[in-house]
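The values are calculated or read from the model by the stated rules, or taken from the named source; none is laboratory data. Fair warning: this is a prediction, and the values are worked out from it, not measured in the lab. We place every Cβ from the backbone using ideal geometry, glycine too, and count neighbours over all the protein chains shown. All accessible areas refer to the heavy atoms of the entire protein, side chains included, with ligands and DNA or RNA removed. Shrake-Rupley method; radii C 1.70, N 1.55, O 1.52, S 1.80 Å.
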Amino acid sequence: MKNWRKLTIALALLMVCLCAAVLPVSVSAESIRLSHSSSTSGRGNAVKIRKVSYDPAEKYEPAKLEIDFSHRITWKRSARIVSVKDQNGTVYEAYLQDKDSDECDVAIDNLKEGRTYTVIIDGIKKSGTKGFRKLTLKAKIPAADKNQKVKVRKVQVDDDNDDFDKYQTEIDIKFASKVVWKRGAKVVSVKDSQGKSYQGRLTDIDNDECEVYIKNLKHNKTYTIRISGIKARGASSYETISVKVTVPRLSHALRVKEAEYDIDYDDSDYFQDGITAFSVEFSFNKNAAYRRNSYIIVKDTSGKKYSTRNSYVEWDGDDCQVYLSKELEYGKVYQYEIVNVKAIGETSYTTLKGTFIAR
């Protein structure tokens with residue numbers, strides 16, 4: 001009996017290995033933001049759309065349009081897709097999915113890229129208003145460019161190397177558009193300006209970014225990283241890209257790595273129309289220390305403030321989140337001041353200033 005159990009486990013492990021050998025590991029392209037326009041039936045209280053994204057079809061899933069609304073909305077129980085047509089009048093089968101208080105998905109069978117689609121949704125309204133409406137959305141889905149090349153949007157050196165190996169530097173590479181990875185994608189080479197080679201390792205590949213770990217890099221020097229087995233979404237062939245990065249002088253100063261705007265909806269039954277909270281989360285390059293009188297100011301370029309020294313802030317080790325008094329405008333630039341913070345181990349507190357785009 002024991003031998004039989006051992007044989008069963010061995011066969012199961014063999015099947016896992018065989019599956020891993022034949023299944024593709026390329027990362028599928030996800031949402032692509034689309035240009036769009038919309039209109040609402042009736043007068044006043046129009047349903048406003050903040051963003052429309054395109055999620056290409058996968059093996060067992062149809063293509064989807066992901067619709068994010070600019071405000072809280074309410075759905076009729078019988079809400080549905082009235083029709084989906086392209087610019088030639090061709091009708092497509094479509095389904096309304098994942099209805100939420102600020103978003104929904106429209107799944108479309110046999111959708112073709114390179115066409116403009118008109119989608120009509122019935123049974124939707126802006127929360128707190130009377131009468132359900134019809135929402136008409138027009139969105140153009142770009143055709144895939146088979147000759148498109150991979151473009152790098154941003155390269156960042158993560159100098160917080162206290163994870164496992166202090167001699168290992170993390171390079172974060174973000175791409176300008178969605179990418180697909182080939183099985184066996186790897187770092188081909190890493191060289192400095194004198195031609196000296198270094199050992200690099202490709203990790204955490206995603207459809208718009210990746211991480212490269214490199215040992216024994218020197219500060220204040222420039223390196224060229226070559227990565228193979230990557231292509232732009234829709235491109236016909238994989239390519240090898242070259243990425244240049246300069247490792248800055250060693251600094252223990254605290255800085256903001258990323259600022260992310262968030263809208264949170266409370267859909268609990270206790271509140272009839274829910275409560276909306278607007279916040280910005282700031283991620284630091286190191287663990288930070290705060291004071292009792294630390295605070296965050298968020299304002300637009302004209303000086304209008306969305307948070308003050310009295311605004312509620314959640315302080316954490318390497319990030320913090322400030323709650324705003326008003327909604328930010330999507331795509332607009334805002335300024336921030338994070339007052340009385342420092343990296344742990346530093347002697348003096350400081351004020352971090354910068355800008356971010358509400359996304």
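Tabulated values for the structure
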| item | result |
| --- | --- |
| Test for Ser311: is it over 30 Å from Pro142 (Cβ atoms) and modelled with pLDDT of 95 or more | yes |
| Selection from region 104-114 of residues that are within 14 Å of Trp75 (Cβ to Cβ) and either of a type in the set (Phe, Trp, Tyr) or in contact with a Lys or Arg (Cβ under 9 Å, 6 or more places away or on another chain) (or both) | Asp105, Val106 |
| The one condition in (1) within 21 Å of the chain's Cα centre (by Cα); (2) assigned to a strand (DSSP E or B) that Tyr330 fails to fulfil | (2) |
| Condition met for Thr129 (surrounded by fewer than 16 Cβ atoms within 10 Å (Cβ to Cβ), in contact (Cβ under 8 Å) with a residue 60 or more places away in the chain and not basic (Lys, Arg)) | yes |
| Within region 71-121, tally of residues that are farther than 21 Å from Ile32 by Cβ and aromatic (Phe, Trp, Tyr) | 1 |
| Verdict on Lys99 being assigned to a loop (DSSP other than H, G, I, E, B), closer than 16 Å to Ile124 by Cβ, touching a Phe, Trp or Tyr at 6+ places or on another chain (Cβ under 7 Å) and charged (D, E, K, R) | yes |
| Matching residues in region 84-96 - criterion: being open to solvent by less than 30 Å² (accessible area, probe 1.4 Å) and either within 19 Å of Glu61 (Cα to Cα) or assigned to a loop (DSSP other than H, G, I, E, B) (or both) | Val84, Tyr92, Ala94 |
| Residue match in region 55-63 (condition: charged (D, E, K, R), assigned to a strand (DSSP E or B) and at pLDDT below 95) | yes |
| Residue count for region 211-258, restricted to those that are loosely packed, with under 15 Cβ neighbours inside 10 Å, more than 23 Å from Ser193 (Cβ to Cβ), touching a residue at least 12 places away in the same chain (Cβ under 8 Å) and in contact with a strand residue (DSSP E or B) (Cβ under 9 Å, 6 or more places away or on another chain) | 5 |
| Failed item in (1) in contact (Cβ under 8 Å) with a residue 60 or more places away in the chain; (2) more than 12 Å from Val47 (Cβ to Cβ); (3) basic (Lys, Arg), with Arg153 passing the rest | (1) |
| Residue identified as surrounded by 17 or more Cβ atoms within 10 Å (Cβ to Cβ), over 23 Å from the mean Cα position of the chain (by Cα) and β-branched (Val, Ile, Thr) among Ile171, Ile124, Ile141 | Ile124 |
| All positions within region 184-210 that are under 19 Å from Lys151 (Cα atoms), open to solvent by less than 40 Å² (accessible area, probe 1.4 Å) and not aliphatic (A, V, I, L, M) | Ser189, Thr203, Asn207, Cys210 |
| Test: residue in region 265-284 that is acidic (Asp, Glu), modelled with pLDDT of 90 or more, assigned to a strand (DSSP E or B) and open to solvent by less than 80 Å² (accessible area, probe 1.4 Å) | yes |
| Residue in region 115-133 that is in a loop (DSSP other than H, G, I, E, B) and under 21 Å from Glu58 (Cα atoms) present | no |
